[in-house]
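Since the structure comes first, as structure tokens, the remarks are kept for the end.
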Amino acid sequence: MEGKRGIIFGALNDQSIAWKVAEKCYEYGASFTLTNTMASLRMGETEKLAQRCNTITISADATNLNDLEILYNQSMEKLGGKIDFVLHSIGMSPNVRKGKPYDDIDYNYFMKTLDISALSFHKVLQVAKQLDALNEWASVVALTYIAAQRTIHGYNDMAEAKALLESITRSFGYMYGRQKKVRVNTISQSPVMTKAGSGIKGIDNLLDFADRMSPLGNATGEDCAGLCVALFSDLTRRVTMQNLFNDGGFSSMGMSSEVMERYNIGFKKEVY
């Protein structure tokens, strides 16, 4: 990562995966800017991370094209050249936050979910391409979740957003790869207790279930940061348009003995 320049979206506090990615990138010699919405920068601790990583924060709403143009231009000015890597770690559902069930969602909220959590990724890529802001062989990574492929109780309309996010990855990955050799991938991460994750109903049970199902246990935020660095590096130059499961094996499991044991305990209590 020595000499590489990047932009990292979504580092709010030290629970954020984006925060851990920034620390790992800095450890391996990369320089980057940190960005989030103005409200998130005010309520979070991103400035502390910026000081630790010898960089700056730039306020930008990833759903706003003008903000993204300013972000890229200021980042290239600060870092001294075009960008080599981008992390999109953005996701929010007003329906989840408001406790709206999936079969009674607010459709205005639904559109906001799609815009913030998925269409923002298309905008990040489109503006970068229009500005010619990324170097050849640059790497763009977005964080997703297995709910894009499988129904996960309580994940609500975020599942549609993640499915759209992964589709954008393939579509834009093809075009950007052909035209500029830019790589575009997603990482499907184990559930992690972040600020966004804490808004999901029953997140504690989900974390426990996933950990019991996964042969290697849940992948941590630090694990995800390591995979991000690998995808940002030149070691993965031919990896693009992929969804990489960083979940301890959860995505390949049907049932584990640990989960079955817990089920049997509950079943016995019901019977007796």
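Please treat every number below as a calculation from the coordinates, not as lab data. Just so you know, these numbers come straight off a predicted model, no measurement behind them. For neighbour counting, all protein chains shown are included, and Cβ atoms are generated from backbone atoms with ideal geometry for every residue, glycine included.
When the Cα positions of V259, V239, S188 are compared along the charge dipole of the chain, V239 comes out farthest toward the positive end, with charges on each C-beta of Lys, Arg, Asp and Glu.
The charge dipole of the chain, taken about the Cα centre with unit charges on the Cβ atoms of Lys, Arg (+1) and Asp, Glu (-1), comes to about 420 debye, rounded to the nearest 20. For the stretch 87-156, the C-alpha radius of gyration sits at 1.34 times the compact-globule guess of 2.2 N^0.38 Å, with N the residue count.
Along the charge dipole of the chain, pointing to its positive end and built from +1/-1 on Cβ of Lys, Arg, Asp and Glu, which listed residue (L227, G80, G249) has its Cα farthest out? Highest projection toward the positive end goes to G80.
Computed about its Cα centre, the charge dipole of the stretch 1-85 is approximately 140 debye, with only Lys, Arg, Asp and Glu carrying charge at their Cβ.
Around the Cα centre of the stretch 82-134, unit charges on the Cβ atoms of Lys, Arg, Asp and Glu (plus for the first two, minus for the last two) sum to a dipole of about 120 debye. Measuring nothing but alpha carbons in the stretch 41-160 and taking Rh as the Kirkwood radius, the Rg to Rh ratio lands at 1.02.
For the chain, averaging the sequence separation of C-alpha pairs within contact (under 8 Å, six or more residues apart) and dividing by the residue count gives a relative contact order of 19 percent.
For the chain, the longest principal axis of the C-alpha atoms and the axis of helix 158-180 are separated by about 30°.
Once divided by 2.2 N^0.38 Å, the Cα radius of gyration of the chain becomes 1.02. Relative to the longest principal axis of the Cα atoms of the chain, the long axis of helix 203-213 lies at roughly 80 degrees. Eigenvalues of the alpha-carbon gyration tensor of the stretch 213-253, scaled by 5 and square-rooted, set the equivalent ellipsoid semi-axes at 21, 13, 6 angstrom, largest first. Only helices enter this figure: runs of n ≥ 4 DSSP H residues, each worth -39500 (n - 2.57), summed and divided by the residues of the chain, yield -14000 deg cm²/dmol at 222 nm to the nearest 500. When only alpha carbons are used to place a centre, the stretch 14-69 and the stretch 80-132 end up 16 Å from one another. Rounded to the nearest 10 degrees, the inclination of helix 65-79 to the longest alpha-carbon principal axis of the chain is 60 degrees.
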